[in-house]
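Notes to accompany the following structure.
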Amino acid sequence: MSDFMLWLHANYIQPQVDAVEKDQYETHFYIVERELAPTSRINLGHVLEFTAIQAFLLGFRTSEGLTPRTPRRQVPLLVPVKRNVRNAD
């Protein structure tokens with residue numbers, strides 16, 4: 001994992017993950033945190049870090065989760081116009 005991705009995780013991805021409401025999963029997070037040994041918590045942290053970075057990269061590659069861009073300017077459709085040209089001789 002590059003140093004940039006680790007920095008990005010610590011400074012952008014993890015704060016975003018922490019800010020998300022966990023709703024019905026809150027109990028599960030509590031149980032896992034309470035039951036794991038300290039060394040296992042560290043290992044779990046690394047696994048979650050790796051998973052979050054990979055999910056971020058996948059979303060980046062597929063542009064999923066990004067706010068929609070402003071639509072491109074529509075190019076007007078050029079329609080040929082038939083003219084009635086009368087020679088006034």
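List of remarks:
- Residues located in segment 1-40, provided they are of a type outside the set (Gly, Ala, Ser), open to solvent by less than 100 Å² (accessible area, probe 1.4 Å) and over 17 Å from the mean Cα position of the chain (by Cα): LYS22, THR27, ILE31, VAL32, LEU36, PRO38, THR39
- Every residue from segment 1-15 that is part of a helix (DSSP H, G or I) and of a type in the set (A, V, I, L, M): MET5, LEU6, LEU8, ALA10, ILE13
- Listed by first and then second residue, the pairs with beta-carbon distance under 8 Å, at least 6 apart or on different chains, first residue in segment 16-37 and outside any helix (DSSP H, G or I), second open to solvent by 100 Å² or more (accessible area, probe 1.4 Å), are LYS22/PHE29.
The values are calculated or read from the model by the stated rules, or taken from the named source; none is laboratory data. Keep in mind it's a predicted model, so treat the numbers as computed, not measured. Here Cβ is always computed from backbone atoms with ideal geometry, including for glycine, and neighbour counts include all displayed protein chains. For the accessible areas, the whole protein counts, side chains as well, though only heavy atoms, and no ligand, DNA or RNA atoms are used. Shrake-Rupley method; radii C 1.70, N 1.55, O 1.52, S 1.80 Å.
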